[in-house]
Each structure stands twice: as structure tokens, then as C-alpha cells.
Amino acid sequence: MRKLILKMSVSADGFVGGPNGEMNWLFRTMDKSALDWIEKTLWQAGVHIMGSRTFYDMAAYWPTSSDSLAKPMNEIPKIVFSKKGFVEKTIANLTTLALKDKEQHDRDNGISNVSTLVNSLTWTNVPVATDLIGEITKLKQQEGKFVLAHGGASFARDLVKYGLIDEYRLLIHPVFLGNGLPLFSTLQNPLNLTLESSTVLKSGIIANIYKPIKQ
């Protein structure tokens with residue numbers, strides 16, 4: 001048996017993106033200590049799962065990125081979840097504002113792109129799942145490292161809604177957005193948590209690990 005962990009960056013007032021999915025607020029406080037914390041989590045995972053829009057963003061970015069997180073993001077297997085099934089399309093037509101914000105951040109900080117065929121191949125022929133509860137139940141019944149969920153917002157909210165998450169790893173950024181994409185809006189009742197650890201990073205980000213208290 002293995003568990004499902006959700007790793008996401010969250011504003012101090014509980015949003016995972018701006019009203020239109022903006023992520024520029026996230027990159028302003030992302031420093032090496034935060035990247036090291038994320039990388040440690042990435043390498044601990046056996047498979048990455050994500051919604052289709054997040055997949056398009058990542059498939060357009062990670063294969064050619066020299067970002068410090070590119071190696072685990074490219075090497076670890078992925079599964080895409082899509083309610084209507086997944087059709088290969090031109091990635092550039094389906095990426096979101098989050099990708100544009102990340103690319104702008106890279107340009108501002110001198111992070112280059114390097115084309116690597118091997119990395120590109122790791123993002124092709126990715127398994128596609130349409131039955132969220134059924135497929136995640138099967139994944140949890142397998143042996144191996146934990147399943148790591150990345151988002152996007154609607155995919156993460158569905159995981160929250162159906163009580164599929166065994167552990168939350170949330171990077172809480174020192175910024176109030178006032179409005180945006182909430183993470184926990186699908187909860188029908190309060191979800192009680194146990195705080196497993198809390199780490200204050202140099203930039204002011206707080207990395208909290210929570211486990212839901214089973215009712």
C-alpha cells in the first residue's frame with residue numbers, strides 16, 4: 001500500500017493561483033531553500049499525477065529546462081487524469097498563464113532552456129486515467145514509493161472533495177492575493193488535520209506537512 005500526497009504552493013490566504021491562474025506571486029518568494037525542500041519531495045515519489053492542463057504546461061516546460069528541479073520532474077513517471085479522456089494536441093495551444101509566468105521568471109533570472117530529446121521522450125505516451133477514484137484506489141493498492149499529485153487547481157479540488165489525499169505538503173507563501181483559485185472550496189464539512197512538521201524557509205515560506213484525521 002502507498003499513500004497519495006498533494007504538494008502545492010498556497011498563498012497565505014489560501015489560494016493556489018490568481019483569478020486567472022496567475023503564478024507570478026509564487027516565483028517572487030521561491031528561493032533555494034524552497035527549491036531544495038521541493039526537490040526532496042519529488043525524489044521520494046514513485047509517480048507524478050496531474051490534471052491535463054497542468055500536464056500540457058509541464059510537458060511544454062520541463063523537457064528543455066535547466067531549472068534545478070528538471071531532473072526529477074523529467075525522470076519520474078507520470079499519469080494524466082482527464083474526465084473526458086486525453087487527446088494529443090498541439091501543446092502550445094493548451095498551455096496556461098502559469099507557464100507564461102514561469103517562462104518570464106526564467107528569463108528574468110537567466111535560467112536557460114536546453115533541448116534534450118531524452119527528456120522530451122519521458123513526456124510522451126503518458127498513461128491517461130478517466131476514473132479518478134477507481135484509478136487512485138488502484139495506485140494506492142500497489143507497492144512502492146508514494147503517489148505525488150501536482151494540480152492544477154480543479155484536479156486538486158477533486159482530490160480534496162473525495163477525501164483521496166493522505167498527506168498535504170503545502171508551501172505557504174508570504175503573500176495575500178485577496179482573490180484567486182481556492183484549494184478547499186469543495187469541502188462539504190471541516191477537515192481536521194494533524195500538523196506533522198512545519199519548516200520556516202529563508203524567504204519566509206512556511207513548509208507545512210499535514211495529515212487528515214480519519215473520522
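The values are calculated or read from the model by the stated rules, or taken from the named source; none is laboratory data. What you see is a predicted model; the values in this text were computed from it and never measured. All Cβ positions, even for glycine, are placed from backbone atoms using ideal geometry, and neighbour counts span all protein chains on display.
Brief remarks on what is shown
- Region 29-48, subset of a type in the set (Gly, Ala, Ser) and under 24 Å from residue 177 (Cβ atoms), residue surrounded by the most Cβ atoms within 10 Å (Cβ to Cβ): 34
- Selection status of residue 205, in contact with a helix residue (DSSP H, G or I) (Cβ under 9 Å, 6 or more places away or on another chain) and over 19 Å from residue 149 (Cα atoms): yes
- Check on residue 172, in contact (Cβ under 8 Å) with a residue 60 or more places away in the chain and assigned to a strand (DSSP E or B): yes
- Yes/no for residue 122 being crowded, with 16+ Cβ neighbours inside 10 Å and either in contact with a Ser or Thr (Cβ under 7 Å, 6 or more places away or on another chain) or modelled with pLDDT under 85 (or both): yes
- Screening the candidates 80, 87 for the property of being outside any helix (DSSP H, G or I) and either at pLDDT below 90 or within 29 Å of residue 204 (Cα to Cα) (or both) yields one hit, 87.
- Scanning region 171-213 for residues that are closer than 22 Å to residue 152 by Cβ and of a type in the set (S, T, N, Q) yields 179, 185, 186, 188, 208.
- Restricting attention to region 9-28, the residues being within 19 Å of residue 68 (Cβ to Cβ) and buried (at least 19 other Cβ atoms within 10 Å of the Cβ) number 3.
- Filtered residues of region 29-48 (kept if closer than 20 Å to residue 3 by Cβ and out of contact with any helix residue (DSSP H, G or I) (no Cβ under 6 Å at 6 or more places or on another chain)): 37, 38, 39, 40, 41, 44, 45, 46, 47, 48
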